[in-house]
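Report on the structure given below.
Throughout, read-outs are computed from the coordinates displayed, never taken from laboratory work. Just so we're clear, the structure is a prediction, and the values are computed from it rather than from any experiment. Note that we place each Cβ from the backbone using ideal geometry, even for glycine, and neighbour counts take in every protein chain shown.
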Amino acid sequence: MMLLKRIMGMLSRYKMIQLLIAVFFLIIITGAVSAATITVNDDPEANYTRIQDAIDNANSGDIILVNPGTYNENLDINKPLTIISNSGIPNETTIQARENDHVFHITSNNVIIGGFSIKGTHGPAKAGIYLDEVHECIISNNILSNNENGIELASSSNNTLINNTIYSSIFDGIFLERSDSNDLRNNTIYSNIWNGIVLEASNNNRFSNNTIYSNRLDGISFISSNNNKINNNTISSNGKNGISLDISNNNTLNDNFLINNSEGIEADYTENHIYNNHISNREVARIPFVNTLSTLIMVGVCCLFRKKNKNND
């Protein structure tokens, strides 16, 4: 009898586990089904004619599909949404700033923005896309022009910026402030009045396969930023330095192409890992040895070489 009760108890627990698993998967499936696609257009058949109205009425996880046209709006995004153009061609869907504010002000994690032309924001520290203390956002395939800053990250980490074009910013193309572990790939950044990219107190970011050229100051400027990795970028024809490191240590710069900048790489009193970069037409402004030990070794070798030559004479 006791054995039978134990078996029945085990079966009951097994059924309870099965029930809990079934409920768990039901919640997942229900959540996936509830995600809606919302359309925005000036067509009366669309769900909304304004993007902000679609954002305000959307649920977390919804997709907002914006049809071609010009939208004069400043957008506040405070929930995880995917907001993309229907055509995927940025020049067909323009978001034009209506007032002195960010065009996209993102205050939620897990937001995706893609396929827009974003322009015309003015006012102090305003950006075409402003990531405000957020994580895991993806900004891709946008064209940003004539903004104060193109894209700005403030205390934001683990975001991805990929395949964006940024030009004619009043200040910087991309500005990272206190923002760590972000991934910037395949972006084209040019003709900004200040710098292409600026990092200030931002660590562990990755920059690869970006094209940065014809900015009035630096291609990439580091200020008190450490442990970043910069590789396989093409940085050319910038008015000041291709790459500048100011009070920034343990950054790795390798396999970058620096062409026709006023100076190639400038490193002020810093210890960084700089190797296999291709610099043409200009010399490195200050020789950026990998670290102090490497500097001492190089100096020692030079002294020995000079001493040997003197003895031969």
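Shape analysis of segment 150-277 yields a ratio of the Cα radius of gyration to the Kirkwood radius, Rg/Rh, of 0.92.
Is the C-alpha gyration tensor of segment 125-175 telling us rounded, prolate or oblate? Criteria: a/c under 1.5 is rounded; beyond that, a/b larger than b/c is prolate, otherwise oblate.
Taking the square roots of the gyration eigenvalues as a ≥ b ≥ c, segment 125-175 is oblate.
When only alpha carbons are used to place a centre, segment 38-70 and segment 150-207 end up 28 Å from one another.
Could you line up 93, 82 from fewest to most neighbouring Cβ atoms inside 10 Å?
Arranged by neighbour count, lowest to highest, 93, 82 become 82, 93.
Value of Rg to Rh for segment 155-230, rounded to two decimals, is 0.93; Kirkwood radius and Rg both from alpha-carbon coordinates. Restricting the calculation to Cα atoms, every distinct pair contributes to the Kirkwood radius of segment 35-312, found to be 19.6 Å. In this structure, the amide hydrogen of residue 94, modeled 1.01 Å from its nitrogen in the peptide plane, lies closer than 5 angstrom to those of 69, 70, 71, 117, counting only residues at least 5 positions away or on a different chain.
Here the Karplus relation 6.51 cos²θ - 1.76 cosθ + 1.60, evaluated at θ = phi - 60°, turns the backbone of segment 227-241 into coupling constants of 6, 8, 10, 10, 9, 6, 9, 10, 10, 9, 6, 8, x, 10, 9 Hz, with x for every Gly and Pro. Would you please classify the overall shape of segment 76-205 from the alpha carbon gyration tensor, given that a ≥ b ≥ c denote the square roots of the eigenvalues, rounded means a/c under 1.5, and beyond that prolate means a/b larger than b/c while oblate covers the rest? It is rounded, given that a/c, with a ≥ b ≥ c, falls under 1.5.
Counting only residues at least eight positions apart within a chain, or on another chain, the aspartates and glutamates with an alpha carbon under 15 Å from that of residue 79 are 53, 56, 62, 132, 133, 136.
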